[in-house]
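Worksheet: one structure, shown below.
The values are calculated or read from the model by the stated rules, or taken from the named source; none is laboratory data. In this text, all values refer to a predicted model and were calculated from it rather than measured experimentally. Positions of Cβ are backbone-derived with ideal geometry, glycine not excepted, and every protein chain shown enters the neighbour counts. Calculation scope for accessible area: heavy atoms of the full protein, side chains included, ligands and nucleic acids excluded. Shrake-Rupley method; radii C 1.70, N 1.55, O 1.52, S 1.80 Å.
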Amino acid sequence: MAILVTGGAGYIGSHTCIELLNSGYEIIVVDNFSNSKPEALKRVSELTKKSFKSYNVDLLDQVTLEKVFFENHIESVIHFAGLKAVGESVETPLRYYHNNITGTVVLCELMQKYNVKKLVFSSSATVYGTPKYVPITEDFSLQSINPYGRTKLMIEEILRDLHLSDDNWSIALLRYFNPIGAHESGRIGEDPNGIPNNLMPYITQVAIGKRENLNIFGKDYNTHDGTGVRDYVHVVDLAKGHLKALEKIINSTGIDAFNLGTGIGYSVLDVVKIYENVTSRKIPYNFTHRRSGDIDKCYADPTKANKELGWKASKNLEDMCRDSWRWQKNNPEGYNEEIKEKI
Ligand code: NAD
Ligand code: UDP
């Protein structure tokens, strides 16, 4: 019996594959490598000393995806595959709706056909839109403020309808806060294409000298130092959360949402300061205007995941910064080994 991991070559997927393999699960990966490299999977295998099947398949290609279900004995699915850049989703909404929503519908149709009804889905704190206050609990009202967020919200609703139609389904909706960090080996990590949209990969590229300055988006937010506050969670802690969710859905039915965050909010300036301390690199920065759609504070109340999944983040922001830096320093060009230089 295997766990199908869609998007398993991506940032969170590859870290989760390591945890699954190290815990003795058999895995099968499906990825179209639209935002990842096969090299990530090679390294997962190298780090775990385990082999597994992977398929270069697009979820939208139902015929080929069906072969994966036909050829393997799949027990559960962890579904990471999706496009995730907010700005891009505003520019190309149809591509986002098609890839994320249709991709999920195609996957669920095949799961239903092959009687695989256990699913862990990558949702996001973005489904809370602009929360009225913090920390955020799972029962807050949901709203989304951009096409990417709407795909997550709509998929959550589709999955609720699916469970309503057939209560044999068992589904965990994991609402991630801000995943950062990398595997402590420094062999796998986040490998963004082009200019990073997110804070931590941008900082690491400033640290390595690829970018001159960090632009801090706004200094007049209602926070302790005026810069935006987020709940950064180590990607390895997040990966472990998927194993806890998997254990739960394997042993029950139902659909439920869980916040995966630390419960602690750090501002942009806090992150810069801690990054500088643990890496001894200087991060020059400028203040620029607010980024459209950004909110002042977003952090989780992770009590439900603590109580019902037995999950708690164990790594702190220092660990996250240190591991992000190790990955960046050892892989200045990400998975593009051929242009790697020694720092
Ligand atoms: P990622 O881009 O690194 O990984 C996603 C993977 O899915 C990539 O390997 C990509 O090639 C693959 N993929 C995309 N569309 C596909 C398709 N149609 N068929 C097959 N493969 C496809 O992203 P990530 O950071 O690892 O995020 C994983 C999931 O978690 C995504 O669904 C994302 O929306 C969600 N999420 C991420 C964050 C974050 O900050 N990283 C926060 C909240 C939620
Ligand atoms: N941020 C910033 N400069 C950047 C990228 C991000 O100041 O180059 C800020 C952003 O305004 C937010 C925080 O860093 O307050 C986290 O942003 P990120 O895009 O990583 O996560 P999200 O906004 O999706 O929570």
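Values as computed for the structure displayed
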item: Residue satisfying all of: in segment 12-30; in contact with a strand residue (DSSP E or B) (Cβ under 7 Å, 6 or more places away or on another chain) and open to solvent by 10 Å² or more (accessible area, probe 1.4 Å); nearest to L238 (Cα to Cα) among these; result: I12
item: Complete set of residues in segment 288-314 that are under 14 Å from Y266 (Cα atoms) and away from ligand 1 (no atom under 16 Å from the Cβ); result: D296, K297
item: Every pair of residues 6+ apart whose Cβ atoms lie under 6 Å, when the first sits in segment 35-47 and is within 19 Å of P192 (Cβ to Cβ) and near ligand 1 (Cβ under 10 Å from one of its atoms) while the second is open to solvent by less than 20 Å² (accessible area, probe 1.4 Å) and in a helix (DSSP H, G or I); result: A40/S14
item: Residue that is under 19 Å from the mean Cα position of the chain (by Cα) and within 20 Å of Y176 (Cβ to Cβ), where the choices are L41, L59; result: L59
item: Selected residue (only one of G209, G226, G218 is open to solvent by less than 10 Å² (accessible area, probe 1.4 Å), more than 22 Å from G13 (Cβ to Cβ) and more than 9 Å from ligand 2 (Cβ to nearest atom)); result: G226
item: Residue that is in a strand (DSSP E or B) and either away from ligand 1 (no atom under 16 Å from the Cβ) or touching a Lys or Arg at 6+ places or on another chain (Cβ under 6 Å) (or both), where the choices are I28, I3; result: I28
item: Segment 280-295, residues that are open to solvent by 50 Å² or more (accessible area, probe 1.4 Å) and not hydroxyl-bearing (S, T, Y); result: R281, K282, P284, N286, F287, H289, R290, R291, G293
item: Matching residues in segment 229-253 - criterion: being open to solvent by 20 Å² or more (accessible area, probe 1.4 Å) and part of a strand (DSSP E or B); result: R230
item: Considering residues of segment 114-160 that are β-branched (V, I, T), within 16 Å of ligand 1 (Cβ to nearest atom) and at pLDDT 95 or above only, the residue farthest from A300 (Cα to Cα); result: I158
